[in-house]
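Below is one structure, written out as C-alpha cells; the observations come after it.
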Amino acid sequence: MKKTLLTLVLLGITLTTTAQNPSVEKSLFGVQAGILGIWGNYETKLTNLIALRGELGLSGSSFTSNERFWAPEITLEPRWYYSIKKRHKKGKSILKNTSNFVSFRTRYRPDIIVIPNSTVTNFINDISYHLLWGIRRHIGSHFNYEAGMAIGYVDYLKDFFEYDDGLSLELHIRIGYSF
C-alpha cells in the first residue's frame, strides 16, 4: 500500500512538472500611458511564446512647437516573448507576460478626429510598420512598465507640404495597469 501511494505521488509530481510548460497568458486586458499618449490594449495567446496585441488609443504629436494635438490610433502587433522560458527556468516571474519581446507593429492613424481642433485642420493620416524590441515587467500583480526601441517605415496616406514617407525611429516607454 505504501509503495503504491509513493508511486502515485511520484507519478503525479512528474506529470505536474512536465506539464508546466511556460506560456504567455491566454488573454490580457490593460491600459497604458506614455510620454505622448494613452492606450487600451488586449492580448490573446497564439502559441506558448507569441501573443497578438491590439491597441486603441490617443497619440500626441506636433507639427511645430506651438501646434500640439492628439489623434486616435489603432495598432495590431504579434509579440514574440522570447525570454519567457529562460525567466521561468531561473524562477523569475512571467506573470502577465513579463518578458523581453520582439514585435512587428502595424499602426494606423486616421485623420477623422484631432483634439484640439486648432489650426491643425489637415492632419495627415498614416500607416506605419515597426520592428520593436522591448521589455515588459510587472510591479506587483497589476502595474507594469514597458521600454524599448523601434525602427520602421511610415507611409503618409495624403500628400502634405513637408512630410515624405520614410524611415522612422521610436522610443517605447509606457507605464500601465493590467486587469
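The values are calculated or read from the model by the stated rules, or taken from the named source; none is laboratory data. Being a predicted model, the structure only gives us computed values, none of them experimental. When we count neighbours, we look across all protein chains shown, and the Cβ atoms used for this are built from the backbone with ideal geometry, even at glycine. These accessible areas exclude ligands, DNA and RNA; they are computed on the full protein's heavy atoms, side chains included. Shrake-Rupley method; radii C 1.70, N 1.55, O 1.52, S 1.80 Å.
Restricting attention to the stretch 72-97 and to residues that are closer than 18 Å to Tyr129 by Cα and modelled with pLDDT under 95, the residue that is least open to solvent (accessible area, probe 1.4 Å) turns out to be Glu73. For the stretch 26-46, the set of residues classified as open to solvent by 50 Å² or more (accessible area, probe 1.4 Å), of a type outside the set (Val, Ile, Thr) and free of Cβ contacts under 8 Å to residues at least 40 places away in the same chain consists of Lys26, Ser27, Leu36, Tyr42, Lys45, Leu46, listed by residue number. Can you tell me which residues in the stretch 34-60 are within 14 Å of the chain's Cα centre (by Cα) and among the hydroxyl-bearing types (Ser, Thr, Tyr)? Within the stretch 34-60, Tyr42, Thr44 qualify.
Considering the stretch 123-155, the residues that are surrounded by 15 or more Cβ atoms within 10 Å (Cβ to Cβ) and among the β-branched types (Val, Ile, Thr) include one that is farthest from Asn97 (Cα to Cα), namely Ile124.
Filtering the stretch 129-157 to residues that are free of Cβ contacts under 8 Å to residues at least 40 places away in the same chain and among the aliphatic types (A, V, I, L, M) leaves Leu131, Ile135, Ile139, Ala147, Met149, Ile151, Val154, Leu157. Sort out which residues of the stretch 154-177 are modelled with pLDDT of 95 or more and of a type outside the set (Lys, Arg), and write them in order of number. If the condition is that a residue be modelled with pLDDT of 95 or more and of a type outside the set (Lys, Arg), then Ile173, Ile175, Gly176, Tyr177 are the ones that fit.
Is there a residue in the stretch 19-28 that is of a type in the set (Lys, Arg), at pLDDT 95 or above and in a loop (DSSP other than H, G, I, E, B)? Looking for residues that are of a type in the set (Lys, Arg), at pLDDT 95 or above and in a loop (DSSP other than H, G, I, E, B), one finds at least one in the stretch 19-28, hence yes.
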